[in-house]
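See structure below.
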Amino acid sequence: MHKYANPTVFMRLANAVLPWAAGACVLLFAVAIPLALYASPADYQQGDTVRIMYIHVPAAILGEMVYGLMAAASATYLIWRHQLAALIARAAAPIGAIFTALCLITGMLWGQPMWGTFWVWDARLTSMLLLLFLYVGYLALGDAFEDQERGEKAAAVLALVGSVNIPIIIFSVEWWNTLHQGSIFKMNGEGMKVTVSPEMLAPLFTMMGAYVAFFVTILVLRMRIEILNAKIRNARITQAAAPMVATQAAQAR
Amino acid sequence: MSGFAVIFARDLKLALRQSSDSLTVVGFFAIAAVLFPFGVGPEPGVLARIAGGVLWVTALLSALLSLERIYASDYEDGTLDQLTISGTPLALTALAKAAAHWATTSIPLIVIAPMLAPTLHLPVEGYLPLLAALALGTPTLSLIGGIGAALVLGARRGGVLVSLLILPLYVPVLIFGTAAVEAGLTGLSVQAPLLVLAGLFVLALTLAPWATAVALRQAVQ
């Protein structure tokens, strides 16, 4: 792992991965979208609204997984001081936040026809909403400092604190939900997942793969931009310092 | 005297000398709680239903409001640098500071809460669970809040930012705090939510000082 901590080595690897990830992303979406929207059967109860699941479920899984990745990268950064790990965490966070938001929005759009309301204080919805807030806090903290490194470190600590808290939040929200919520909204998007028929499972997994490929593509692109930005910044600093260094050299002579 | 006692006594003394700071928090707590009847109407039934939640949410916001005080002035005048290089482990310093924050802001809140409860028509059975839950839950708020206060040192808009970071982490305490009051009113077991609050407190007690110490070390670097 330490070998890839070098940005140049990493970028060589990332550049090799990028076309494959981008290609897989386009290809998988090209297969998954028609499969999900036309080829798969409508649900006997939910009708065509069940197709929202193909957008919703992968977004939920990715939203959670990206936070895990971010927390792991943050730990790596705090322990081994690998600059690259900070870069991964920072580049992944907005993508994860967007996935989480997408999950909530599609969930609300799905809830309207199915539950008759856009929002239910269901345990899953509530934990997802809190996850989105954790993302927003992470992003805000990372941007709040003049010194970029300070922001990175503070945000890394916050990501770890958040990752310890997420299980507690999920547990307490579930407790709270069973205390407050009647069983009217028992039908749940993921509740039927175990009984999903194979015709629905195929588009779901294809879509899942497409989301992962999309994530990898965007992550690598964002990291590439960040590394280039850092190089530009360093070049500017060197350039700005050049006359001063020259004068010092002249004085020394 | 050990480092813990020295720092705790110093923060306590500072807070008592500028007692208006603590009083402002109590004033905020009272006014914010009293705003709710204006918002939802004065019917006793409605108020009794939401009283526990209102007191908990306002207590949470009051604790949040005073978080900046834990480290901000020490950071600005350089005391924090001294604390970092002193022999006392930074986690112990963080623990002492969180304890002082709890003693100076949450104890006044716990004292004033039973006086505010009648204005919200909280039934009598709710008083004891409310006080027990506040006593067990507010230390966790101070401990978690200490992490947030340390993280935003030197940040732009630190005060607003800390609420964004910390409020999602406060949700479990809020849930079990109000659950205890609810249980008291409906005759369910009050013990269960209180035990969970105690568990959250012990968890925060063991983990939060370390996270705060890491955050502080980065702030003074």
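General observations
- Chains A and B together, accessible area buried on both sides, 1.4 angstrom probe, square angstrom: 2500
- The angle between the Cα long axis of helix A:148-180 and the main principal axis of chain A comes to about 20°, on a 0 to 90 degree scale.
- Normalised by the number of residues in segment B:2-220, the mean separation of alpha-carbon contacts (under 8 Å, six or more apart) gives a relative contact order of 27 percent.
- Under 18 Å from the Cα of residue B:97 - aspartates and glutamates, other chains or at least 8 residues apart: B:11, B:21, B:68, B:74, B:76, B:77, B:81
- Looking at chain A, the accessible area is 52 square angstrom per residue; that uses a 1.4 Å probe and ignores ligands, DNA and RNA.
- Looking at segment B:2-220, the accessible area is 41 square angstrom per residue; that uses a 1.4 Å probe and ignores ligands, DNA and RNA.
- Helix axis angle, A:7-34 relative to chain A longest principal axis, alpha carbon, degrees: 20
- Extents of chain B, largest first, come to 56, 32, 31 Å (Cα atoms, principal axes, whole angstrom).
- Within the accessible area of segment B:2-220 (1.4 Å probe), percent carbon and sulfur: 73
- With the simple model of a label 7 Å out from the Cα in the direction of the Cβ, residue A:121 to residue A:247 spans 6.5 nm.
- Heavy-atom accessible surface of chain A: percent carbon and sulfur, 1.4 Å: 69
- Most mobile listed residue (A:57, A:136, A:66) in chain A, GNM with C-alpha springs under 10 Å: A:136
- Taking all protein chains together and a 1.4 Å probe, the residues A:143, A:122 rank A:143, A:122 from largest to smallest accessible area.
- Taking Cα atoms only, the orientation of helix B:68-77 departs from the longest principal axis of chain B by about 20 degrees.
- Within chain A, longest stretch free of exposed GluC sites (Glu not before Pro) [DSSP loop, at most 16 other beta carbons within 10 Å]: A:1-145
- Normalised by 2.2 N^0.38 Å, where N counts its residues, the alpha-carbon radius of gyration of the protein assembly as shown equals 1.12.
- In this structure the amide hydrogen of residue A:43, modeled in the peptide plane, comes within under 5 Å of the amide hydrogens of A:50, none closer than 5 places in sequence on its chain.
The values are calculated or read from the model by the stated rules, or taken from the named source; none is laboratory data. All values reported here derive from a predicted model rather than from experimental measurement. Cβ: placed from backbone, ideal geometry, glycine included. Neighbour counts: every protein chain shown. The accessibility values were calculated without ligands, DNA or RNA, using every heavy atom of the protein model including side chains. Shrake-Rupley method; radii C 1.70, N 1.55, O 1.52, S 1.80 Å.
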